[in-house]
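Okay, so here's the structure we're looking at.
The values are calculated or read from the model by the stated rules, or taken from the named source; none is laboratory data. No experiment lies behind these values; they were computed from the predicted model shown. Cβ: placed from backbone, ideal geometry, glycine included. Neighbour counts: every protein chain shown. Heavy atoms of the whole protein, side chains included, go into the accessibility calculation; ligands, DNA and RNA do not. Shrake-Rupley method; radii C 1.70, N 1.55, O 1.52, S 1.80 Å.
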Amino acid sequence: MKMNGARMVCEAIIAEGTKTVFGYPGGAIMNVYDEIYKQDGFEHILNRHEQASVHAADGYARATGEVGVAMVTSGPGFTNAVTGLATAYMDSIPLVVISGQVPLSLIGTDGFQEIDAVGISRPCTKHNYLVRELSELPRILKEAFHIARSGRPGPVLVDIPKDITAEIGEFVYPNSVNIPSYKPTTKGNKRQIDKAVEAILKAKKPLLYIGGGAVLSNASDLIRKLALMGGIPAVETLMARGVMGDSNPLLQGMLGMHGNYSSNMAMSETDLVISLGARFDDRVTGKLSEFAKYADVIHIDIDPANISKLVDVDYPIVGDITIVLEKIIAGLEDKIKPERYSDWRDVLNRYNELHPLTFQDSDDVIKPQWVVERVGELLGEKAIVTSDVGQHQMWTAQHYPFDRPRQWINSGGLGTMGFGFPAALGAKKGYPEKTVINFTGDGSILMNMQELVTASEYKIPVINIILNNHFLGMVRQWQSFFYDNRFAETDLSYQPNFKALAESCGGIGYDVTTKEEFDKALKDAIEKDRVTFINVAINRFENVLPMVPAGGALYNMILADQKEEK
Amino acid sequence: MADVRRVISILVENESSVLSRVSGLFAGRGYNIETLTVAPIPDTNRSRITIVTKGSKRVIEQITKQLHKLIPVYKVVEHDEMVEKEMILAKFPIEENLSDIQALCQAYNGGIANVGADMIIGMVTDEPCRIKHFLEATKRYNPIEVVRGGVVAIER
Ligand SMILES: Cc1ncc(C[n+]2csc(CCOP(=O)(O)OP(=O)(O)O)c2C)c(N)n1
Ligand SMILES: [Mg+2]
């Protein structure tokens, strides 16, 4: 069929099955918007900032497992999208971002709103394209979706000059992709798998170390099965919360800088780490030379570059966790005996009794951990939970009773303040019937607060719970611990009226200072079909604990019961 | 871990931004490039990039893995057994002794490439360690300018 390049873009999005596209128009992308206007294969949401468009597409992708799509114009539209690309890149989230570009003839002339999008985005995309001929466009679009979702997923940028979206040509959307230089390994090497099975059977203190790759590979059921059949304890990274399900007694909890005692001790004492899509991030490992010091390491990852990047691996297995685990489980069947590891489980249970993950609740002031746990009690598995970045993010990761993968959505790798609210919008578009809660801070929420307007206009009722400490709390905590209480530029005493702010944009605001008020506000927010801000005044100087100081060994934690509160 | 020198050949799709993907990867991840040469492979739509780099074993392993992740990269060869050559063009004042320079260049697989009104241009092609010796030896003849090509290598 003959059509212009702009229509081809729309046809590709429809063919790929994306139901919601997030974006913002401008000169160089107007041809595409003109075609969006004429079609009804997908809905377009006009965010009020391109960064939010990309985060929203990202939230949609994380919640659904599908490729998220965002669309922006050239120049400033594109540069606003860069933080979104980088956020998705660091967490390996499948996105296709379409950007307009100045016409081919103007490229290189410093034309109006010209910027080298491919150059800028190279280090923060899995791949990117500048389309130079209309005839390449169908293939490039097909490849973009394929590259985004296959192998180690990631964002792909397609930059399209304006004259190409106007030009008319023949459109046949390819039904397969052939990129000879791109063939991700998924199956896992049989010999390595056999060796890994032997290692598990020989270990005395094996530990499942579960990372975000387990979520991306949809491997949760298999991981739970492996844990159960062997009685093997597990720890989750920030990105993997929900994979084991928090009611699972084998789950020790989150490990790392703000991991709980038994998780970090488990990693310090295990004799066999079974790494499932984790990448040994410095926020997880602490001091590398002390990390899993007594352990051999089985590392299963679809990205060979992750293996032995930081830690020497004894059993490297390049492959998709799901495919590899099926083989490992088959190899262990009838051979593995849960009794074998019972001493090990007892040790960890004792650690957990010794220093459980707790906090000092109060009747005078709301504690943030109480809020998170309360929402967990009231909504539990019914909610999808997103967060921004800071203390509130860690409290949520620690205290929310996650039940399943993709229930927890946060910017782990890049740590992007401003991610939570637009990501919540994306998640809600993916699962309209679920309650979507964004735990945010008084700092972070302002970084994409314009999305109140988007949420109101399109009736995307997400609930933002602002754990308001009148501080850039996480930075303040470091200043308290490591900078002698010099609170350089972290005091947020000067605040907007959050309730009025929400209401001025068509939402609902609640100011909450007591537990009763919180319960009332949350119940009301769930019933109302409007976007809400629940502004909760919390203890200003609450710290996130336990804490492993940056660069310290995992077993040297500052524990809640050791740290005096201010 | 001690640094080792490595020659890496990268076979890539001929596309406009592929060199920036490769060099950007080195810059962004803090890897070192000693020399870099690129040219199309005859009768294909591929090019070969040859890079000489230095790093610990872990870094070299990361370099090859990260290069491999680039979508337009077909193949990454970290050479063990190879023939390595580098080329030099050197310009000398006409006052220097032409036959001495010629003899020197010939000793390093080269010769005189051009003699003009006021200068002599010599050319050599040899292994990188011998190239170093050649550069030492040329100093006696007061070279005006020396142009050094990067290393090219082929498996033995
Ligand atoms: C875009 C961006 N800028 C700066 C930072 C550094 N940073 C990390 S946490 C934090 C404080 C966040 O404050 P708030 O949203 O109020 O959360 P709290 O820690 O108080 O819960 C800052 C500034 C960041 N992660 N992202
Ligand atoms: Mg705060």
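For the stretch A:469-482, which positions are farther than 28 Å from A:Gly59 by Cα, of a type in the set (A, V, I, L, M, F, W, C) and within 16 Å of ligand 2 (Cβ to nearest atom)?
Once the filter is applied, which keeps residues that are farther than 28 Å from A:Gly59 by Cα, of a type in the set (A, V, I, L, M, F, W, C) and within 16 Å of ligand 2 (Cβ to nearest atom), the stretch A:469-482 yields only A:Trp478.
Is there a residue being more than 14 Å from every other protein chain (Cβ to nearest Cβ), within 16 Å of ligand 2 (Cβ to nearest atom) and touching an Asp or Glu at 6+ places or on another chain (Cβ under 9 Å) anywhere in the stretch A:544-562? Break it down stepwise before answering.
Residues of the stretch A:544-562 more than 14 Å from every other protein chain (Cβ to nearest Cβ): A:544-562.
Right, trim to within 16 Å of ligand 2 (Cβ to nearest atom) and you get A:544.
Those left that are additionally touching an Asp or Glu at 6+ places or on another chain (Cβ under 9 Å): none.
Scanning the stretch A:544-562, I find no residue that is more than 14 Å from every other protein chain (Cβ to nearest Cβ), within 16 Å of ligand 2 (Cβ to nearest atom) and touching an Asp or Glu at 6+ places or on another chain (Cβ under 9 Å), so the answer is no.
Can you tell me how many residues within the stretch B:49-64 are within 13 Å of chain A (Cβ to nearest Cβ) and more than 19 Å from A:Ser308 (Cα to Cα)?
Step one: list which residues in the stretch B:49-64 are within 13 Å of chain A (Cβ to nearest Cβ), which gives B:56-64.
Now drop any that are not more than 19 Å from A:Ser308 (Cα to Cα), which leaves none.
Summing the residues that are within 13 Å of chain A (Cβ to nearest Cβ) and more than 19 Å from A:Ser308 (Cα to Cα) in the stretch B:49-64 gives 0.
How many residues does the stretch A:1-32 contain that are farther than 23 Å from A:Val172 by Cβ and more than 29 Å from the chain's Cα centre (by Cα)?
3
Might you check whether a residue that is outside any strand (DSSP E or B), open to solvent by less than 10 Å² (accessible area, probe 1.4 Å) and within 13 Å of chain A (Cβ to nearest Cβ) occurs anywhere in the stretch B:83-104?
So far as the stretch B:83-104 goes, no, none of its residues is outside any strand (DSSP E or B), open to solvent by less than 10 Å² (accessible area, probe 1.4 Å) and within 13 Å of chain A (Cβ to nearest Cβ).
Do we have A:Val21 as within 21 Å of A:Gly119 (Cα to Cα), touching a residue at least 24 places away in the same chain (Cβ under 8 Å) and either assigned by TED's automatic domain parsing to the domain that holds A:Ser411 or not in a helix (DSSP H, G or I) (or both) here?
So A:Val21 does not fit the description; no.
A quick yes/no check of all residues on (1) assigned to a helix (DSSP H, G or I); (2) hydroxyl-bearing (Ser, Thr, Tyr); (3) open to solvent by 10 Å² or more (accessible area, probe 1.4 Å); (4) touching an Asp or Glu at 6+ places or on another chain (Cβ under 9 Å):
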| residue | (1), (2), (3), (4) |
| --- | --- |
| A:Asp364 | no, no, yes, no |
| A:Val372 | yes, no, no, no |
| A:Val375 | yes, no, no, no |
| A:Ile384 | no, no, no, no |
| A:Thr396 | yes, yes, no, no |
| A:Phe402 | no, no, no, yes |
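Any residue at all in the stretch A:340-352 that is more than 14 Å from chain B (Cβ to nearest Cβ) and not in a helix (DSSP H, G or I)? Outline the logic, then answer.
Applying the first criterion (more than 14 Å from chain B (Cβ to nearest Cβ)) to the stretch A:340-352 yields A:340-352.
Those still in the list that are not in a helix (DSSP H, G or I) too: none.
Looking through the stretch A:340-352, none of the residues is more than 14 Å from chain B (Cβ to nearest Cβ) and not in a helix (DSSP H, G or I).
In the stretch A:442-468, which residue that is closer than 22 Å to A:Glu377 by Cβ and within 16 Å of ligand 2 (Cβ to nearest atom) is surrounded by the most Cβ atoms within 10 Å (Cβ to Cβ)? Show your work before the answer.
As a first pass, look at the stretch A:442-468 and keep what is closer than 22 Å to A:Glu377 by Cβ: A:461-468.
If we keep only those that are within 16 Å of ligand 2 (Cβ to nearest atom) as well, we get A:464-468.
On the way: A:Asn464: 30, A:Ile465: 30, A:Ile466: 29, A:Leu467: 32, A:Asn468: 27.
Checking each candidate, the answer is A:Leu467.
What number of residues in the stretch B:22-36 are touching a strand residue (DSSP E or B) at 6+ places or on another chain (Cβ under 9 Å), surrounded by fewer than 15 Cβ atoms within 10 Å (Cβ to Cβ) and closer than 15 Å to A:Lys309 by Cβ?
Qualifying residue count, the stretch B:22-36: 0.
Which residues, counting only those in the stretch B:5-48, are within 14 Å of another protein chain (Cβ to nearest Cβ) and of a type in the set (Ser, Thr, Tyr)?
B:Ser16, B:Ser17, B:Ser20, B:Ser23, B:Tyr31, B:Thr44, B:Ser47
Among the residues of the stretch A:525-542, are any open to solvent by less than 20 Å² (accessible area, probe 1.4 Å) and of a type in the set (S, T, N, Q)?
So far as the stretch A:525-542 goes, yes, one or more of its residues are open to solvent by less than 20 Å² (accessible area, probe 1.4 Å) and of a type in the set (S, T, N, Q).
Pull up the stretch A:404-441, narrow it to residues that are among the aromatic types (Phe, Trp, Tyr) and away from ligand 2 (no atom under 16 Å from the Cβ), then point me to the one that is surrounded by the most Cβ atoms within 10 Å (Cβ to Cβ). Outline the logic, then answer.
Taking the stretch A:404-441 as the starting set, the residues that turn out to be among the aromatic types (Phe, Trp, Tyr) are A:408, A:419, A:421, A:431, A:439.
In the following step, the residues that additionally are away from ligand 2 (no atom under 16 Å from the Cβ) were identified as A:408, A:431.
On the way: A:Trp408: 26, A:Tyr431: 14.
My answer is A:Trp408.
What is the residue count in the stretch A:45-73 for residues that are closer than 21 Å to A:Lys142 by Cβ and either part of a loop (DSSP other than H, G, I, E, B) or open to solvent by 10 Å² or more (accessible area, probe 1.4 Å) (or both)?
5
Hey, does the stretch A:50-61 have a residue that's under 24 Å from A:Tyr458 (Cα atoms) and free of Cβ contacts under 8 Å to residues at least 40 places away in the same chain?
yes
Which of the residues belonging to the stretch B:106-156 are touching a residue at least 40 places away in the same chain (Cβ under 8 Å), among the hydrophobic types (A, V, I, L, M, F, W, C) and open to solvent by 90 Å² or more (accessible area, probe 1.4 Å)?
Of everything in the stretch B:106-156, those that are touching a residue at least 40 places away in the same chain (Cβ under 8 Å), among the hydrophobic types (A, V, I, L, M, F, W, C) and open to solvent by 90 Å² or more (accessible area, probe 1.4 Å) turn out to be B:Ile144, B:Ile154.
Residue-wise test of (1) among the basic types (Lys, Arg); (2) in contact with a Lys or Arg (Cβ under 6 Å, 6 or more places away or on another chain); (3) within 16 Å of ligand 2 (Cβ to nearest atom).
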position	(1), (2), (3)
A:Tyr351	no, no, no
A:Leu357	no, no, no
A:Asp361	no, yes, no
A:Val372	no, no, yes
A:Leu379	no, no, no
A:Ala383	no, no, no
A:Val389	no, no, yes
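Among the helices (runs of 4 or more DSSP H) confined wholly to the stretch A:439-536, which include 3 or more residues that are modelled with pLDDT of 95 or more, within 10 Å of ligand 1 (Cβ to nearest atom) and more than 14 Å from chain B (Cβ to nearest Cβ)? Reasoning before the result, please.
Values: elements: A:451-457, A:473-482, A:498-504, A:515-527.
Here the list reads A:473-482.
Going by what's in this entry, would A:Arg540 be described as touching a Phe, Trp or Tyr at 6+ places or on another chain (Cβ under 7 Å), within 15 Å of ligand 2 (Cβ to nearest atom) and in a helix (DSSP H, G or I)?
On the way: touching a Phe, Trp or Tyr at 6+ places or on another chain (Cβ under 7 Å): yes; within 15 Å of ligand 2 (Cβ to nearest atom): yes; in a helix (DSSP H, G or I): no.
Judged against the criteria, A:Arg540 is not a match.
Of (1) in contact (Cβ under 8 Å) with a residue 60 or more places away in the chain; (2) open to solvent by 30 Å² or more (accessible area, probe 1.4 Å); (3) away from chain A (no Cβ under 14 Å), B:Lys75 satisfies all except one. Which?
Tallying (1) in contact (Cβ under 8 Å) with a residue 60 or more places away in the chain; (2) open to solvent by 30 Å² or more (accessible area, probe 1.4 Å); (3) away from chain A (no Cβ under 14 Å), B:Lys75 fails exactly one: (3).
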